[in-house]
Amino acid sequence: MTFVHEETVRFRDLDSMGHMNNAVYATFLEQARLAFLSQHGAHVQNMILARLEIDFRSPVELGETIAIAVKPTRVGTKSFDLEYVLRADERVVAEARTVLVAYDYAEARSVEIPDEWKERLAA
């Protein structure tokens with residue numbers, strides 16, 4: 001199952017070279033991740049981003065629309081992985097991976113992913 005979220009590069013997203021700043025990729029991934037998780041009924045306030053890896057492939061410029069494909073690749077007991085492919089038209093501009101951990105903020109500890117989430121992520 002692959003989910004796609006789109007973001008458009010704004011002027012404020014650019015660096016001094018006129019390319020999308022590297023930090024903005026993380027923001028675009030976050031927006032795609034939140035949209036993906038919300039659609040699948042996960043409560044984003046109950047998880048922590050434990051790891052983020054980004055491989056940059058091609059510069060992105062003002063006005064380009066970035067399609068961010070998101071898919072789960074691993075579902076464990078307390079954490080799961082999402083992989084992303086970011087494209088401007090057919091050009092791959094970046095690939096990324098995140099690890100998210102189910103977390104109980106009141107207890108300040110990781111917890112098991114609810115079975116309902118596991119089923120939806122594995123679908």
ask   = Which numbered condition trips up GLU116, out of (1) closer than 12 Å to MET47 by Cα; (2) charged (D, E, K, R); (3) at pLDDT below 95?
value = (1)
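If a residue counts only when it is among the hydroxyl-bearing types (Ser, Thr, Tyr), which strands (runs of 3 or more DSSP E) contained entirely in the stretch 12-89 have at least 2 such residues?
Numbers: elements: 47-56, 65-75, 79-88.
Passing ranges, in order: 65-75, 79-88.
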remark   = Over the stretch 24-49, the set of residues open to solvent by 50 Å² or more (accessible area, probe 1.4 Å) and either of a type in the set (Lys, Arg) or within 18 Å of VAL4 (Cβ to Cβ) (or both) is THR27, GLU30, GLN31, LEU34, SER38, GLN39
ask   = Mind checking which pairs have a first residue in the stretch 10-29 that is on the phi > 0 side of the Ramachandran plot and a second that is surrounded by 11 or more Cβ atoms within 10 Å (Cβ to Cβ), Cβ under 9 Å, 6 or more apart or different chains?
value = GLY18/PRO59; GLY18/GLU61; GLY18/LEU62
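Select from the stretch 82-94 the residues that are over 9 Å from the mean Cα position of the chain (by Cα) and either of a type in the set (Val, Ile, Thr) or surrounded by 16 or more Cβ atoms within 10 Å (Cβ to Cβ) (or both) and write down the one among them that is nearest to ALA122 (Cα to Cα). Let's see the steps before the verdict.
First, pick out the residues of the stretch 82-94 that are over 9 Å from the mean Cα position of the chain (by Cα): 85-94.
Retained after the next criterion (residues that are either of a type in the set (Val, Ile, Thr) or surrounded by 16 or more Cβ atoms within 10 Å (Cβ to Cβ) (or both)): 85-88, 92-94.
Working: VAL85: 19, LEU86: 22, ARG87: 24, ALA88: 28, VAL92: 25, VAL93: 27, ALA94: 24 Å.
Here the residue is VAL85.
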query = Is it the case that some residue within the stretch 96-104 is open to solvent by 40 Å² or more (accessible area, probe 1.4 Å) and either part of a helix (DSSP H, G or I) or within 20 Å of VAL4 (Cα to Cα) (or both)?
reply = yes
remark   = Picking from LEU29, LEU121, LEU52, LEU100, the residue that is at pLDDT below 95 and under 18 Å from the mean Cα position of the chain (by Cα) would be LEU121
inquiry  = I'd like the residue in the stretch 1-23 that is modelled with pLDDT of 95 or more and among the β-branched types (Val, Ile, Thr) and, out of all such residues, is surrounded by the fewest Cβ atoms within 10 Å (Cβ to Cβ).
reply    = THR8
task = Quick one: in the stretch 105-123, of everything that is within 15 Å of THR2 (Cα to Cα) and of a type in the set (A, V, I, L, M), which residue is surrounded by the most Cβ atoms within 10 Å (Cβ to Cβ)?
result = LEU121
remark   = Output for Cβ contacts, cut-off 7 Å, separation at least six or different chains, first residue closer than 24 Å to MET17 by Cα in the stretch 52-74, second part of a strand (DSSP E or B) and among the aromatic types (Phe, Trp, Tyr), reads ILE68/TYR84
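The values are calculated or read from the model by the stated rules, or taken from the named source; none is laboratory data. Keep in mind that what you see is a predicted model, and the values were worked out from it rather than measured. Positions of Cβ are generated from backbone atoms using ideal geometry, with glycine treated the same way; all protein chains shown enter the neighbour counts. Remember, those area values only see protein heavy atoms, side chains included, never the ligands or the DNA or RNA. Shrake-Rupley method; radii C 1.70, N 1.55, O 1.52, S 1.80 Å.
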